[in-house]
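These notes are about the structure you will find just below.
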Amino acid sequence: MRGLKGNIIFTKDFGKYEIFKDSYILIEDGKVKGIFDKLPEEYNQVEVKDYGDKLIIPGLVDIHLHGPQFPNIGLGLDKELMPWLETYTFPEERKYSDLEYAKKVYRKLVLELWKNGTMRSVIFASIHLEGTKLLMDVINEAGLGAYVGKVNMDRNCPDFICEDTDKSLEDTEKLLKDYGSRYERVKPIITPRFVPTCSTKLLKGLGELSRKYKVPVQSHLSENKGEIEFVKELHPEARNYASVYEAAGLLGEQPTIMAHCVLLEEEEIELLSKNKVFIAHSPNSNSNLASGIAPIRKLLKAGIPIGLASDISGGHSLSMCSVMIEAGQVSNMKWLESGKTEAPLTTPELFYLATKGSGAFFGKVGSFEEGFEFDALVIDDSDLTVLKEISLEERLQKFIYTGSWENIIERYVSGELIKEPKI
Ligand code: GUN
Ligand code: FE
């Protein structure tokens, strides 16, 4: 048993902070044991690290990003999705057959995740099996948690990145066999890129693999109008885009994340809700690629689990604070657009989505309730307050909106102190 002392803030319920000023949080076997304003006598001997007036918050969780797009971050944001993929993204992703290049990028990526306090993430690697393994090795070495997928794509893409269907399935199965239980915190995830680049045979084969190995699934859904029209052309037999994944056993039979979901039809919303599919809300990316504004309030009301995501390099920042800010801003626009009916997201709601909302994909992650993994950040925000006395709640809001990675002075995953990864 160990303890930390400081100002503890988290969200157990959507949109409501739990705040414990100057309190103790006890950790046993990497999990939260409890929070106390005074240490009970029985725990007098427990070693406590005192962080004084600093904030202790759950580690941030990013449930959708593209590792090999990291070199493109901040670049090529002048096109919509399909031409953006062709012009900027596929040419970068082809490079990951070169393991030396992959190693350099992935080490830098993991350092940046660490810096930004993203303690767990769900990642698309590239089509390359060895590069995907390498990314998993690098994340594991750093002590962070992740699901990492080898991307599958076998149609409607340039030759240099288009896979043979059988080889794509074989490589995926190799990853599941080799890396399924290699690491405790870094696991594989089935990763069809999206319907436009995956044949029905490939999707069905991936559905079978996810079932056989009980592996979760991630993909993209209804991000952009042109994409949706293309899916309709490719699948005239399907009721809608989401049902193409469902027909292949890729929509919630195993835990599933669908990125974006900006333009879902009502029936698709019902389907995602029924199948408990997570939506990875990626507002930076949706704004940069002019995809639109996902109706998050409506999707929440439909009971769909939602987490936040950077979606680099559609998104231009790995910072989950940047993602929270943009999610708040676009929700304001949605509110206006809806005739002020769809209420904007509040700061505690945004914070919930970036912690417990996203963390739920990993199990008991993203909160400090008893039994949750102790993933945490210690925040020194002393340079952020400008003279005025403010509450703990306001200090957290200031950190989100005006802080930087330099305010994060310590990071924990499952109770383990995570030092800066060497690159
Ligand atoms: N849809 C298919 N591939 C991608 C990708 O790499 N980024 C985004 N934003 N959407 C996609
Ligand atoms: Fe994406």
**Asked** Which residue pairs have Cβ atoms closer than 9 Å, lie 6 or more positions apart in sequence or on different chains, and pair a first residue in segment 232-243 that is in a loop (DSSP other than H, G, I, E, B) with a second residue that is hydroxyl-bearing (Ser, Thr, Tyr) and surrounded by 11 or more Cβ atoms within 10 Å (Cβ to Cβ)?
**Response** 235/200; 235/241; 235/243; 240/222
**Complete:** Of (1) closer than 25 Å to residue 396 by Cα; (2) assigned to a helix (DSSP H, G or I); (3) touching a Gly at 6+ places or on another chain (Cβ under 9 Å); (4) within 16 Å of ligand 2 (Cβ to nearest atom), residue 349 fails just (4)
**Request:** Only residues that are in contact (Cβ under 8 Å) with a residue 60 or more places away in the chain and within 16 Å of ligand 1 (Cβ to nearest atom): list them for segment 157-195, please.
**Result:** 157, 158, 160, 161, 189, 190, 191, 193
**Message:** Looking at 250, 299, 289 in this structure, which one is surrounded by 18 or more Cβ atoms within 10 Å (Cβ to Cβ) and more than 29 Å from residue 78 (Cα to Cα)?
**Reply:** 250
**Asked** Of all the residues that make up segment 51-70, how many are within 16 Å of ligand 2 (Cβ to nearest atom) and more than 30 Å from residue 305 (Cβ to Cβ)?
**Response** 0
**Item:** Unmet criterion (only one of (1) away from ligand 1 (no atom under 16 Å from the Cβ); (2) buried (at least 18 other Cβ atoms within 10 Å of the Cβ); (3) assigned to a strand (DSSP E or B)) for residue 106
**Value:** (3)
**Request:** Report, by residue number, each residue of segment 184-215 that is part of a loop (DSSP other than H, G, I, E, B) and within 16 Å of ligand 2 (Cβ to nearest atom).
**Result:** 189, 193, 194, 198
**Prompt:** Which residues, counting only those in segment 93-103, are in a helix (DSSP H, G or I) and not polar (S, T, N, Q)?
**Reply:** 93, 94, 95, 96, 99, 100, 101, 102, 103
**Item:** Hits in segment 295-319 - residues which are away from ligand 2 (no atom under 13 Å from the Cβ), assigned to a loop (DSSP other than H, G, I, E, B) and aliphatic (A, V, I, L, M)
**Value:** 302, 304, 318
**Item:** Residue that is nearest to residue 399 (Cα to Cα) [pool: residues in segment 301-333 that are touching a strand residue (DSSP E or B) at 6+ places or on another chain (Cβ under 6 Å) and away from ligand 1 (no atom under 16 Å from the Cβ)]
**Value:** 320
**Asked** Out of all the residues in segment 273-298, which are more than 15 Å from ligand 1 (Cβ to nearest atom), at negative phi and either touching a Leu at 6+ places or on another chain (Cβ under 7 Å) or of a type in the set (D, E, K, R) (or both)?
**Response** 274, 275, 277, 296, 297, 298
**Request:** Report the residue count in segment 29-75 for those that are more than 16 Å from ligand 1 (Cβ to nearest atom), surrounded by 12 or more Cβ atoms within 10 Å (Cβ to Cβ) and not in a helix (DSSP H, G or I).
**Result:** 21
**Request:** Please tell me if residue 244 is closer than 19 Å to residue 267 by Cβ and either within 16 Å of ligand 2 (Cβ to nearest atom) or touching a helix residue (DSSP H, G or I) at 6+ places or on another chain (Cβ under 7 Å) (or both).
**Result:** yes
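Each reported figure results from applying straightforward, stated rules to the coordinates on display, with no laboratory input. The model shown is predicted, which means the values in this text are computed figures rather than measured ones. Positions of Cβ are generated from backbone atoms using ideal geometry, with glycine treated the same way; all protein chains shown enter the neighbour counts.
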